[in-house]
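Heads up, the thing below is written out as structure tokens.
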Amino acid sequence: MFTKLSLVFIYRRLFQTTSTALIRFCRGLNYFLTILIVGYYSAAFLIVIFECTPVDKSWHRHKPGTCINKYIFFYFTGAVNITTSLLVISMPLPVLVKLKHRKTEITQLLGLILLGLIDTAASVIRMFTLTSAAASAADFTCK
């Protein structure tokens, strides 16, 4: 969450340079993405804390009570993580291409931003791992 927020705040400064239609669209997307990241990851944090009723059922599996379906939660969180990562990576690309600074600086900056695809690839691999873990009958969260 904090890595994505730091990039979004850097982009906020980048999108204040001019006021073309593309920049205005990216600025609005940036504000939306900030609200989405803070809101979703804060809610996911609270869901992880209070996933079971009573709360201590999370670590006392034989205690009576109910818990949320972890597989659905992990799938949904993974999908949101991949989506927000792709948005954070792709949002500044059209703006950086149109900047009139030195081409070497822009190329280096684009390369650094595209390194975020490593995180996205790891999230996609995690989704496939969750799919195979969900297919087995054992609880993969508690061994």
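Please treat every number below as a calculation from the coordinates, not as lab data. From a predicted model like this one, the values you see are computed outputs, not experimental measurements. All Cβ positions, even for glycine, are placed from backbone atoms using ideal geometry, and neighbour counts span all protein chains on display.
Computed on the chain, with alpha-carbon pairs under 8 angstrom and 6+ residues apart, the relative contact order is 23 percent. Here the Karplus curve 6.51 cos²θ - 1.76 cosθ + 1.60, taken at θ = phi - 60°, turns the phi angles of region 54-64 into couplings of x, 4, 6, 5, 4, 10, 10, 4, 8, 6, x Hz, with x standing for Gly and Pro. Placing unit charges on the Cβ atoms only, positive for Lys and Arg and negative for Asp and Glu, gives the chain a dipole magnitude near 460 debye about its Cα centre. Coupling constants for region 26-36 follow from the phi torsions by the Karplus curve (6.51 cos²θ - 1.76 cosθ + 1.60, θ = phi - 60°), and in residue order they are 5, 5, x, 5, 5, 5, 4, 5, 4, 5, 4 Hz; glycine and proline get x.
For the chain, the longest principal axis of the Cα atoms and the long axis of helix 103-114 meet at an angle of about 10 degrees. Against the main long axis of the alpha-carbon atoms of the chain, helix 117-135 sits at an angle near 20°. Each of the peptides 83-90, 58-65 was scored by the mean count of other Cβ atoms within 10 Å over its residues; in descending order, highest first, they stand as 83-90, 58-65.
Taking the inverse of the mean reciprocal distance over all distinct Cα pairs, the Kirkwood hydrodynamic radius of region 51-114 comes to 15.3 Å. Along the axis of the charge dipole computed for the chain (Cβ charges of +1 for Lys and Arg, -1 for Asp and Glu, origin at the Cα centre), the listed residues PRO92, THR17, LEU36 are led at the positive end by THR17. Built from the Cα atoms of the chain, the convex hull projects on average onto 10.1 nm², one quarter of its surface area.
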